[in-house]
Amino acid sequence: MNYIFLMAPPDDGGGSSLVTFAFMGAIFLVIYLFMIRPQANKVKAQKKYIDELKKGDKVVTNGGLHGKIVNVQDNTFLIEVDKDVKIKIEKSAVSMDLSKSEEK
């Protein structure tokens, strides 16, 4: 019969645990710098962009509808997608401002 014994490595004074914690801290720092922080900046920029939209701006929604803002309310926009066709959408549904891209 073959027996396999699993044993913990011998304790050599605790230096190993310090290296392990330093390595885990470094991994967390890399994840924060490359994933969490850029996403938070992107969310902040999107909120600022939506807050700056005003009546008359041309926008595109997440669903792909193109329209012009007719009315701005607390959480919604009223956009005109065609002559006498108006749709109420949530502010969070706006993905792009066409007014600024058309000026360029």
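The numbers here are math on the coordinates, done by the rules we state, and not lab data. Predicted model, so just to flag it, every value in this text is computed and none were measured. Counting neighbours? That spans all protein chains shown, and the Cβs are built from the backbone with ideal geometry, glycine included.
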Exercise for the section: Mind giving me the FRET efficiency for Glu90 and Thr20? R0 is 41 Å, r the Cβ-Cβ distance, nearest 0.05 is fine. Expected result: 0.30
Fill in the blank from the handout: Note: Asp74 to Ala45 extended length (0.36 nm per residue) minus current alpha-carbon separation gives 8.6 nm
Fill in the blank from the handout: Of the listed pairs Lys44/Lys88; Lys55/Lys88; Lys58/Lys88, those with alpha carbons more than 18 Å apart are Lys44/Lys88
Problem - Protection proxy ranking of 74-86, 29-41 - average other beta-carbon atoms within 10 Å, highest first - result: 74-86, 29-41
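With a ≥ b ≥ c taken as the square roots of the eigenvalues of the C-alpha gyration tensor of the stretch 23-104, please select rounded if a/c is under 1.5 and otherwise prolate if a/b is larger than b/c or oblate if it is not?
Values: a/c = 3.37, a/b = 2.83, b/c = 1.19.
Prolate shape, in that a/c is at least 1.5 and a/b is the bigger ratio.
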